[in-house]
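> Please read through the structure below; I'll follow up with questions.
Since every read-out is calculated from the coordinates, none of them should be taken as a lab result. These numbers were taken from a predicted model, which means no experiment stands behind them.
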Amino acid sequence: MPAALFTLTILLSTAAWSATIFKCKNSQGALLYQEKPCAEETKSVSSWGLASGAPLVMGQSNSGHYFVEGSINEQKLNFVIDTGASTVAIPQIFANQAGLVCMRQSVSQTANGMTHTCMTIIKKLKFGSFILTDVEASIAPNLGQPLLGMNVLKQFRVEQDSGEMRLSIK
């Protein structure tokens, strides 16, 4: 199933491999991302190397949010870094432009209450110098701004201090 495949590729010219992340599935089917190999009671799904390199540094906007330029399937957009979002969330209108299709209906709890969403797989998501492939995301009909959620952010060290946010490889 494409949703079970989530690979992270860092495009840095000649960086050396410094870590490996293992994607495992437990007996209940939940996906686990960890720095050590999968335990016997879990199934190995995939792993990827992470390259060392300079962190992505963003300045805080006047509204207090952090934004990062990116693209989905080569369609440019501006993400809000959202540690409160479980997954990447894309407005319906942008999803249409990027060629994203609904794979299954879902209901999500948001700050504004329950909403119907649609789960999809983003073939290529880029922000800063990072490129991710086969990223699970939700398409939200009433969302105004694309959100870079925790299914992506948890793969990085996220630091915020004095009006700056830094994303770097763990």
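> Considering only Cα-Cα distances, which of the following residue pairs are longer than 19 Å: K76/K154; K76/K126; K25/K124; K124/K170; K25/K123?
Violating the 19 Å limit, Cα to Cα: K76/K154; K25/K124; K124/K170; K25/K123.
> On to the next question. Counting each pair of different Cα atoms once, what's the Kirkwood radius of segment 56-169 in Å, rounded to one decimal?
14.3 Å
> Also, quick follow-up: Hey, can you grab everything whose amide H is under 5 Å from the amide H of L143? Only 5+ residues off in sequence or another chain; H modelled, so Pro and N-termini drop out.
Excluding prolines and chain starts, which carry no amide H, the hits are Q92.
> Non-local amide H neighbours of S86 (under 5 Å, H modeled in plane, Pro and chain starts lacking H): which ones?
Residues meeting the criterion, in which the H sits 1.01 Å from N, are M150.
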